[in-house]
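Asks: I'd like to ask you about the structure that follows.
The values are calculated or read from the model by the stated rules, or taken from the named source; none is laboratory data. For clarity, every value in this text was computed on a predicted model and none was experimentally measured. Ideal geometry is used to build each Cβ from the backbone, glycine not excepted, and the neighbour counts take in all protein chains shown.
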């Protein structure tokens, strides 16, 4: 099922291109492709699967792991074909994801909704979206991250929407995965976003067919 990224008004669209030396444009094909060969491990409170159409809906403290990919949300819809993850749509307050790029650098993001297109190597963050890499941050209402084309597009609809970028200076002693001063939201040590351990029902976990 094709997924098209809607165009944005030119004056409100912020494009990072290779010519700018943008921090968000490091190649990621190696790591993400390697992740696709790993098993999909999902934990949630409830699950409904339509094996005929290759879709699964998980609800309640959803945690998804595949290789270096780690994603969380209150609800996730997974689309699988021939045992391969095609697309994952996550909802949450926020929904989060993180993954290592091919240089071993951590890329993290969160938003109200995250649309992860595994085979196209794209992620679309919508609603209070944040992206973080190597201490640098990008904030916008929508962020389209095309890992294959090495382009990040951020912006929003008319009405004063602005993009905020913080780029940290590079130094020899800077750690590769240094956290920003105000990092994107990340899951707790238990991997469950915004939930107290004593109030969280024991999730059902599976590594087989999602």
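Asks: Hey, could you check the stretch 152-169 for residues that are buried (at least 17 other Cβ atoms within 10 Å of the Cβ) and closer than 30 Å to residue 34 by Cβ and say which is modelled with the lowest pLDDT?
Replies: Step by step, filter the stretch 152-169, then rank; the result is 152.
Asks: Which numbered condition trips up residue 112, out of (1) free of Cβ contacts under 8 Å to residues at least 40 places away in the same chain; (2) assigned to a loop (DSSP other than H, G, I, E, B)?
Replies: All conditions pass for residue 112, except number (2).
Asks: Give the residues of the stretch 118-136 that are surrounded by fewer than 22 Cβ atoms within 10 Å (Cβ to Cβ) and either part of a strand (DSSP E or B) or out of contact with any strand residue (DSSP E or B) (no Cβ under 9 Å at 6 or more places or on another chain) (or both), sorted by residue number.
Replies: 122, 124, 126, 127, 128, 136
Asks: List every residue pair whose Cβ atoms sit under 7 Å apart, with the two residues 6 or more apart in sequence or on different chains, where the first one lies in the stretch 44-58 and is part of a loop (DSSP other than H, G, I, E, B) and the second, anywhere, is crowded, with 17+ Cβ neighbours inside 10 Å.
Replies: Close Cβ pairs satisfying both conditions: 45/60; 45/61; 45/203; 54/79; 54/80.
Asks: Considering (1) out of contact with any strand residue (DSSP E or B) (no Cβ under 9 Å at 6 or more places or on another chain); (2) free of Cβ contacts under 8 Å to residues at least 24 places away in the same chain; (3) farther than 16 Å from residue 56 by Cα, say which one residue 141 fails and leave the rest.
Replies: Exception for residue 141: condition (1).
Asks: Hey, can you tell me all the residues within the stretch 78-109 that are surrounded by fewer than 18 Cβ atoms within 10 Å (Cβ to Cβ) and part of a strand (DSSP E or B)?
Replies: Those that are surrounded by fewer than 18 Cβ atoms within 10 Å (Cβ to Cβ) and part of a strand (DSSP E or B): 81, 84, 93, 106.
Asks: Can you name the number of the only condition in (1) under 16 Å from residue 69 (Cβ atoms); (2) modelled with pLDDT of 75 or more; (3) under 12 Å from the mean Cα position of the chain (by Cα) that residue 120 fails?
Replies: Here residue 120 meets the rest and fails (3).
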